[in-house]
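Here the structure comes first, spelled out in structure tokens, and everything after it is commentary.
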Amino acid sequence: MHPLDNVIWQALTTRQAEFAQSFGAARRFVPAVGPLAAFIKPDDEGYESLAELAAPKGTIAVFLDLPYEPRRGWSVVAGATLLQMLWHGGNLRVQETAPVPQIVELGTPDSAEMIALATLTKPGPFAASTHELGDFFGIRQAGKLVAMAGERMKVPGHTEVSAVCTDPEHTGHGYAAALMTQVMKGILDRGEIPFLHSRGDNTRAIELYKRLGFQERKSGYFVVLRRESTSQRL
């Protein structure tokens, strides 16, 4: 199996096992990090194991190769097509329309601002401790965090570029490209290959990723599920 197949499972059983909660055939990131979860296979055993990791009426998010099929005990909160892209080399720099302000490293003291920016822009799941998964960088304007990018899943030989987002009032200045470049340089310096995930319909972002040297590796689906209460499942 390639390290990027069933990538959430791979991360939680290898380089990021310290962030895992496990039951049977399923694993998930600890809730403080986020809702991403996975199973060995999307079968009855997988979903039953997953249910033990989700609080009643709690939500959990999985990546699937095929469209989600309704399962007893679960309801769909949201879903989308998902594109996994792998960096194949090339120029790491995209020409900015204007000089980019200083890039700063982000950490625990910036967590509240990072969550606020992610909540505003919705780049994907982002929780109180998501920043602990890797290096994060940001750009501030008048002291306010207006753009960021960082690392999320890590599997053997590969690290994911994630949480790429810019405040809508500050788009069009090349901040995303500059921040992704910063993150990718750190990954490459460790001898690893960057990869990322994007909604399949996010054409503007996908165009940027291609300019930075990413190519489509596989397509699939992202689904957020809510576990029904015990009484509802009976």
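Quick notes
- Residue check: A112 meets all listed conditions (1) under 27 Å from A20 (Cβ atoms); (2) over 16 Å from the mean Cα position of the chain (by Cα); (3) in a strand (DSSP E or B); (4) assigned by TED's automatic domain parsing to the domain that holds I187 but one, namely (3).
- On inspection, S229 qualifies as modelled with pLDDT under 95 and surrounded by fewer than 19 Cβ atoms within 10 Å (Cβ to Cβ).
- Flag if H131 is under 24 Å from A11 (Cβ atoms) and touching a Pro at 6+ places or on another chain (Cβ under 6 Å): no
- For L64, the conditions (1) touching a residue at least 12 places away in the same chain (Cβ under 8 Å); (2) among the hydrophobic types (A, V, I, L, M, F, W, C); (3) assigned by TED's automatic domain parsing to the domain that holds H158 are fulfilled apart from (3).
- Among (1) surrounded by 20 or more Cβ atoms within 10 Å (Cβ to Cβ); (2) within 27 Å of A17 (Cα to Cα) - the single one A176 does not satisfy: (2)
- Criterion violated by K185 - all others in (1) closer than 25 Å to D5 by Cα; (2) basic (K, R); (3) part of a strand (DSSP E or B) satisfied: (3)
The values are calculated or read from the model by the stated rules, or taken from the named source; none is laboratory data. Worth saying up front: this structure is predicted, and the values here are computed from it rather than measured. Every residue, glycine among them, receives a Cβ derived from its backbone with ideal geometry; neighbour counts consider all protein chains shown.
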